[in-house]
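Notes follow once the structure below has been shown.
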Amino acid sequence: MVLLLVGAMVVVMGLVVFWVEPLGVLGVLERLTPNIVYRVRTELPLVALSFDDGPHPEFTPQVLEILKQHEAKATFFLIGERALRYPEVVARIRAEGHEIGNHYLRNGATLGHSNEEFMGNLEKTERAIGAGEKLELFRPPGGVAWARQIRLAQERGYTCVLGCAYPHDPMHPPVWYIRWLIEKNLAPGTIVILHDGIANAKRSVAALPQILAAGRKKGLRFVSIGELRRRSGGQGE
């Protein structure tokens, strides 16, 4: 009975951490996975905004328009196959001054891939995104990769980035939850994760203007991850 109660408490605590994402647990994650950036230690009033799984022909332009209206910048982690499919959207992201990161060639787990396959898919994504620029940031699809894969990406010059304000929008939670989870975690150095490339990103798009307004009320400015790190001396923890 005691073991059952302990097990139930562990499950409940895990669910609370998953859905509430208290910033207090970040220190544990950072110690366990020191090669991954979850936030940037800074006192500057800057927050990094990022979008995953694009480009998407419908939702990415909507996101770009909202960002323009709010004078905000972001980092778009693009999937190679989708970048090849929608080069005009990639060009618009770049033309409007946003940062582009590598989100792998396909939207699927990297865990079954050999070192050679993993590196090959990183390189194919770089070519798909094009423009001859060096990509600096990598976010593994689904936020999961082997430690050896993270090291390989680092050897290629990437910084591996997740975040600390992620409302699990691919699971289609309500707009109020997306807003609440992100807004409560908005603080200098926060890295926000949203998705513009999922099949239905309407809730994320709907929440975005209110999130940007909430950040502005806190005196925060939304920038790309790269700018956040540069302005903060390249620090990330």
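Hey, residue 154 hits all of (1) polar (S, T, N, Q); (2) surrounded by fewer than 16 Cβ atoms within 10 Å (Cβ to Cβ); (3) under 26 Å from residue 89 (Cβ atoms) but one; which does it fall short on?
Evaluating residue 154 over (1) polar (S, T, N, Q); (2) surrounded by fewer than 16 Cβ atoms within 10 Å (Cβ to Cβ); (3) under 26 Å from residue 89 (Cβ atoms) leaves (3) as the failure.
Has the stretch 31-44 got at least one residue that is over 19 Å from residue 191 (Cα atoms) and either outside any loop (DSSP other than H, G, I, E, B) or open to solvent by 50 Å² or more (accessible area, probe 1.4 Å) (or both)?
Within the stretch 31-44, not a single residue is over 19 Å from residue 191 (Cα atoms) and either outside any loop (DSSP other than H, G, I, E, B) or open to solvent by 50 Å² or more (accessible area, probe 1.4 Å) (or both).
Could you please give the count of residues in the stretch 64-88 that are farther than 24 Å from residue 210 by Cα, touching a Pro at 6+ places or on another chain (Cβ under 9 Å) and part of a helix (DSSP H, G or I)?
The number of residues fulfilling the criteria is 5.
What tally of residues in the stretch 128-137 results from selecting those that are free of Cβ contacts under 8 Å to residues at least 60 places away in the same chain and either loosely packed, with under 12 Cβ neighbours inside 10 Å or under 17 Å from the mean Cα position of the chain (by Cα) (or both)?
Step one: of the stretch 128-137, the residues free of Cβ contacts under 8 Å to residues at least 60 places away in the same chain are 128-135.
So of that shortlist, the ones also either loosely packed, with under 12 Cβ neighbours inside 10 Å or under 17 Å from the mean Cα position of the chain (by Cα) (or both) come out as 131-135.
Summing the residues that are free of Cβ contacts under 8 Å to residues at least 60 places away in the same chain and either loosely packed, with under 12 Cβ neighbours inside 10 Å or under 17 Å from the mean Cα position of the chain (by Cα) (or both) in the stretch 128-137 gives 5.
Would you call residue 187 open to solvent by 20 Å² or more (accessible area, probe 1.4 Å), of a type in the set (A, V, I, L, M, F, W, C) and not in a helix (DSSP H, G or I)?
In short, yes.
Could you tell me whether the stretch 220-232 includes any residue that is within 16 Å of residue 67 (Cα to Cα), in a helix (DSSP H, G or I) and not aliphatic (A, V, I, L, M)?
For the stretch 220-232, residues within 16 Å of residue 67 (Cα to Cα), in a helix (DSSP H, G or I) and not aliphatic (A, V, I, L, M): present.
Return the residues of the stretch 138-161 that are touching a residue at least 40 places away in the same chain (Cβ under 8 Å), over 21 Å from residue 83 (Cβ atoms) and out of contact with any Cys (no Cβ under 6 Å at 6 or more places or on another chain); say none if nothing qualifies.
Within the stretch 138-161, 147, 151, 154 qualify.
Kindly provide the set of residues from the stretch 83-104 that are touching a Leu at 6+ places or on another chain (Cβ under 8 Å), surrounded by 18 or more Cβ atoms within 10 Å (Cβ to Cβ) and either free of Cβ contacts under 8 Å to residues at least 60 places away in the same chain or acidic (Asp, Glu) (or both), ordered by number. Outline the logic, then answer.
Start the filter on the stretch 83-104 by keeping residues that are touching a Leu at 6+ places or on another chain (Cβ under 8 Å), which leaves 90, 92-93, 96, 98-104.
Adding the requirement that they be surrounded by 18 or more Cβ atoms within 10 Å (Cβ to Cβ) leaves 90, 93, 98-104.
Those that are touching a Leu at 6+ places or on another chain (Cβ under 8 Å), surrounded by 18 or more Cβ atoms within 10 Å (Cβ to Cβ) and either free of Cβ contacts under 8 Å to residues at least 60 places away in the same chain or acidic (Asp, Glu) (or both): 90, 93, 99, 100, 102, 103, 104.
Residue-wise test of (1) out of contact with any Pro (no Cβ under 9 Å at 6 or more places or on another chain); (2) assigned to a loop (DSSP other than H, G, I, E, B); (3) open to solvent by less than 10 Å² (accessible area, probe 1.4 Å); (4) over 17 Å from residue 37 (Cβ atoms).
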residue: 167; (1), (2), (3), (4): no, yes, yes, yes
residue: 170; (1), (2), (3), (4): yes, no, no, yes
residue: 177; (1), (2), (3), (4): no, no, no, yes
residue: 180; (1), (2), (3), (4): no, no, no, yes
residue: 193; (1), (2), (3), (4): no, no, no, no
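Looking at 106, 151, 127, which one is farther than 19 Å from residue 224 by Cβ and assigned to a loop (DSSP other than H, G, I, E, B)?
Just a single option satisfies the conditions, and that option is 106.
In the stretch 108-162, what residues are of a type in the set (S, T, N, Q) and in contact with a Ser or Thr (Cβ under 7 Å, 6 or more places away or on another chain)?
Selection gives 149 alone.
The values are calculated or read from the model by the stated rules, or taken from the named source; none is laboratory data. All values derive from a computational prediction rather than experimental measurement. Heads up, the Cβs are rebuilt from the backbone with ideal geometry, glycines too, and the neighbour counts pull from every protein chain shown. The accessibility values were calculated without ligands, DNA or RNA, using every heavy atom of the protein model including side chains. Shrake-Rupley method; radii C 1.70, N 1.55, O 1.52, S 1.80 Å.
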